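The values are calculated or read from the model by the stated rules, or taken from the named source; none is laboratory data. Computed from a predicted structure; not experimentally measured. Here the Cβ positions follow ideal geometry from the backbone for every residue, glycine too, while neighbour counts run over all protein chains shown.
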Amino acid sequence: MKTNFLKMSLILSLLFIIPMISFSQSITIGSDTAIVGENILIPLSTNGLLNVGSMDIKITYDSTVLIFVKDTLQSTDAAGSLLNVTAGNGTYKQINISWLAPGSAGVNISNGNFMFFKFNYIGGNTSLNFNQLLCEVSDWNGNPITITYNAGSIVPSAGSNASIWNGNSNWSNVANWNNGIPGVATSAIINSGNLEINNVAECNNLSITTGSIVTILPNKSLTVFGNFENKGSIIIKSDSSGSGSFINYGIITGNGNIIVEKYLAKSNPADYSLVCSPVTNATISSTVFSNTTFQSFNEPTQTWQNLAANSILQSGKGYLFNCNSNKKIEFSDTVIANGNIGFNNLTFSNNAGTNIPNGFNLVGNPYTSAVDWNNTNWTKTNIDASIYTFDGVNYVSWNGEIGSLTDGIIPSLQGFFVKANANNPVLVMPDTARLHNSQPFYKSSPNSLNELLIVKATGNNYNDVAYINFNSNASAQFDTEYDAYKLFGINEAPQIYTILPSNNTNLSINVMDSVKSGLSVPIGFKAGVAGVYSLSFNNQSSFAPAINMYLEDTKTNTITNLRNTPDYSFTSTPGDNPNRFVLDFFNPTAIDENSTMNVNIYSFNKQLVVQFDKIAENSKMIVYNLLGQVVRELVLNGNTTFTVNVSDLQGNYIIQVINKSNVSSKKINI
């Protein structure tokens with residue numbers, strides 16, 4: 001009897017213990033190595049999935065590395081409805097898999113491969129990540145099941161030691177290679193025929209034999225990690241969509257021809273391009289430069305100088321290039337820029353009274369690939385942090401974090417300005433700064449820093465952008481590590497910039513230490529032609545909600561709360577005073593009581609009193625609580641004294657009074 005009792009106790013104990021056992025339930029996406037051009041199958045596997053009623057799985061991948069082809073359901077347990085959608089318009093796309101269990105009960109899915117995804121591999125690296133915020137697996141009753149998601153990745157295969165090409169086709173055509181499509185460990189030998197780079201191609205060493213031609217198509221790339229022997233020809237193509245890109249990390253030998261194209265768009269009659277030669281002996285008398293003009297920039301005189309017809313373009317030096325219409329120029333030589341590039345003859349001239357600040361030197365990227373200005377291996381001695389280039393309408397700048405030159409990426413053969421700030425400036429472009437980027441010349445850059453205001457001027461079918469940022473390491477004066485000067489574009493386009501009051505310096509990027517109450521930033525604006533223009537104050541969400549901004553238009557005597565109305569429209573002519581606007585900041589959480597106008601602010605018997613020394617015109621009073629929330633807002637006009645009933649308020653408040661040229665603020669107790 002005792003024995004039976006013990007057995008029963010053990011059984012009951014197990015019944016209570018078993019439900020408490022936790023089973024691992026997971027979904028995993030596989031990983032693989034791949035050769036450019038081949039199709040790969042990536043499994044989606046499951047483990048421990050019981051009583052499943054539905055599955056919604058979201059997987060993201062880099063569409064510049066993989067092209068999604070199709071999915072195939074593998075699990076026999078998962079017979080039922082399967083819906084697949086590939087979404088996303090940007091670089092990263094998402095595979096959406098939705099599955100519903102058939103019948104009238106949940107499904108126990110066997111461990112192993114649930115389905116396969118078929119991709120075509122373009123080249124490069126990508127992760128295969130689950131968008132876990134949107135992934136959901138539920139049981140038959142609709143209750144969520146806790147799942148562990150394991151991501152995967154695709155990386156390039158090293159390939160064979162050597163592979164020989166014969167034929168006329170593209171790099172990813174495996175039939176033309178005797179030992180497989182090359183990978184990063186492969187010595188690729190182009191033995192005969194014409195080969196096109198139609199995606200992302202990589203190899204260790206590259207040899208082009210006599211009579212063979214390798215063509216890199218626009219927006220495609222070839223990386224040679226070892227040495228490049230050229231006895232044939234290599235052509236780097238360019239068109240309106242972008243340029244091909246070629247990087248060689250080893251030495252270049254052979255007397256074969258290297259042809260580098262650059263397509264230059266003429267977007268309007270007044271525009272021009274800043275260019276740089278990838279070869280050392282290009283002369284502007286060549287027929288490829290017919291009907292064009294070249295100018296160099298002289299730093300000591302701050303002027304443009306015309307080049308004679310037989311001038312030789314120096315590799316690494318920037319030039320202004322102008323033509324009558326869209327034009328594709330072509331550089332040809334047996335040697336192209338490779339290794340580190342030192343920029344000689346940079347100057348700094350302390351000449352007062354010039355229109356442009358001293359020290360501006362026009363250089364260029366001579367590589368057949370883009371370079372990254374933010375790469376830490378640059379040598380920048382007595383050189384400002386900001387760079388400047390031209391987009392065909394206006395100059396765009398980049399200070400390392402902020403600007404309209406996307407992430408500081410300088411396209412191939414792009415000319416750009418650097419500014420020396422002292423004698424003996426030194427600039428060295430490292431070959432490690434090279435990267436593949438197919439952008440034709442420049443594009444706008446998204447910015448995600450805190451307290452970054454993006455001011456955009458629009459009109460006459462053109463636009464311009466200025467940046468205002470706050471950084472505790474900056475100052476109210478010009479900082480060589482943060483600020484960027486304003487260089488003016490074509491006359492027809494609007495120009496927007498901020499102004500340093502201490503010396504009237506115009507800035508395209510203005511970085512200050514902090515947002516202070518009563519801080520006023522002069523805004524400069526120049527109209528290209530008479531017409532209607534607008535100013536948009538974007539990215540206000542990067543500021544704390546308590547920080548308020550007001551735009552003063554001194555011509556119309558109006559004040560606009562930019563938090564409520566971020567876009568301001570107005571008429572302007574080229575003859576208007578460019579110092580027309582003032583941007584006022586108010587930060588109740590960092591209040592500095594000040595009185596930049598003759599006004600007395602106080603409270604008495606639940607009344608708020610504002611007294612001016614003369615009749616108020618176009619003024620405004622704003623009452624904030626200590627959280628920065630607006631609790632009163634009142635226009636003050638036509639009297640010297642204003643009394644406001646605030647019987648519903650109690651405690652400490654911030655009172656701000658502003659007019660077209662002054663701001664006063666005070667903390668009071670009601």
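Summary table
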quantity	calculated
Subset of region 155-165 [buried (at least 20 other Cβ atoms within 10 Å of the Cβ) and modelled with pLDDT of 95 or more]	Ser163, Trp165
Identity of the residue in region 315-346, of a type in the set (S, T, N, Q), modelled with pLDDT of 90 or more and in a loop (DSSP other than H, G, I, E, B), that ends up farthest from Tyr367 (Cα to Cα)	Thr334
Residues of region 597-618 classified as within 27 Å of Thr556 (Cα to Cα) and touching a residue at least 60 places away in the same chain (Cβ under 8 Å), total	5
Checklist (1) more than 20 Å from the chain's Cα centre (by Cα); (2) farther than 24 Å from Ser520 by Cβ; (3) touching a residue at least 24 places away in the same chain (Cβ under 8 Å) applied to Asn461, failing item	(3)
Answer residue from region 183-217, given it is in contact (Cβ under 8 Å) with a residue 60 or more places away in the chain and not small (Gly, Ala, Ser) and is farthest from Ile67 (Cα to Cα) among those	Glu202
Filtered residues of region 218-260 (kept if farther than 14 Å from Ile190 by Cβ, surrounded by fewer than 21 Cβ atoms within 10 Å (Cβ to Cβ) and in contact with a Lys or Arg (Cβ under 6 Å, 6 or more places away or on another chain))	Pro218, Ile247
Exclusive hit being buried (at least 16 other Cβ atoms within 10 Å of the Cβ), of a type in the set (Phe, Trp, Tyr) and over 28 Å from the mean Cα position of the chain (by Cα), set Phe360, Phe321, Phe331	Phe331
First in region 251-263 and among the basic types (Lys, Arg), second anywhere and buried (at least 21 other Cβ atoms within 10 Å of the Cβ), Cβ under 6 Å, 6 or more apart	Lys262/Ser238; Lys262/Ile329; Lys262/Leu413
Members of region 91-113 that are small (Gly, Ala, Ser) and loosely packed, with under 15 Cβ neighbours inside 10 Å	Gly103, Ser104, Ala105, Ser110, Gly112
Residues located in region 557-569, provided they are out of contact with any Lys or Arg (no Cβ under 9 Å at 6 or more places or on another chain) and assigned to a loop (DSSP other than H, G, I, E, B)	Leu562, Arg563, Asn564, Thr565, Pro566
Whichever residue in region 264-278 is of a type in the set (Ser, Thr, Tyr) and closer than 19 Å to Val371 by Cβ and, among such residues, is surrounded by the fewest Cβ atoms within 10 Å (Cβ to Cβ)	Ser273
Positions within region 135-181 being within 37 Å of the chain's Cα centre (by Cα), under 30 Å from Asn111 (Cβ atoms) and among the aromatic types (Phe, Trp, Tyr), in sequence order	Tyr149
Residue within region 366-381 that is closer than 25 Å to Asn463 by Cα and buried (at least 22 other Cβ atoms within 10 Å of the Cβ) present	yes
Given (1) within 18 Å of the chain's Cα centre (by Cα); (2) part of a loop (DSSP other than H, G, I, E, B), index of the condition Asn423 fails	(1)
Within region 56-77, tally of residues that are among the polar types (S, T, N, Q) and within 21 Å of Ile145 (Cβ to Cβ)	3
Ser296 vs. criteria in contact (Cβ under 8 Å) with a residue 24 or more places away in the chain, farther than 28 Å from Asn423 by Cβ, in contact with a strand residue (DSSP E or B) (Cβ under 6 Å, 6 or more places away or on another chain) and of a type in the set (S, T, N, Q)	no
Lone unmet requirement of (1) assigned to a loop (DSSP other than H, G, I, E, B); (2) in contact (Cβ under 8 Å) with a residue 24 or more places away in the chain; (3) farther than 30 Å from Asn268 by Cβ; (4) not aromatic (Phe, Trp, Tyr) for Val393	(3)
Filter result for the condition that a residue is touching a helix residue (DSSP H, G or I) at 6+ places or on another chain (Cβ under 9 Å), at negative phi, not assigned by TED's automatic domain parsing to the domain that holds Ala484 and not in a strand (DSSP E or B), over Asn310, Asn351, Asn358, Asn377	Asn377
Some residue of region 381-389 being out of contact with any Gly (no Cβ under 9 Å at 6 or more places or on another chain), modelled with pLDDT under 95 and not aromatic (Phe, Trp, Tyr)	no
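Per-residue answers, yes or no, for (1) aliphatic (A, V, I, L, M); (2) modelled with pLDDT of 90 or more; (3) under 22 Å from Val200 (Cβ atoms):
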{"site": "Thr3", "(1), (2), (3)": "no, no, no"}
{"site": "Leu10", "(1), (2), (3)": "yes, no, no"}
{"site": "Phe16", "(1), (2), (3)": "no, no, no"}
{"site": "Ile21", "(1), (2), (3)": "yes, no, no"}
{"site": "Asp32", "(1), (2), (3)": "no, yes, yes"}
{"site": "Pro43", "(1), (2), (3)": "no, yes, no"}
{"site": "Val52", "(1), (2), (3)": "yes, yes, no"}
{"site": "Thr60", "(1), (2), (3)": "no, yes, yes"}
{"site": "Gln74", "(1), (2), (3)": "no, no, no"}
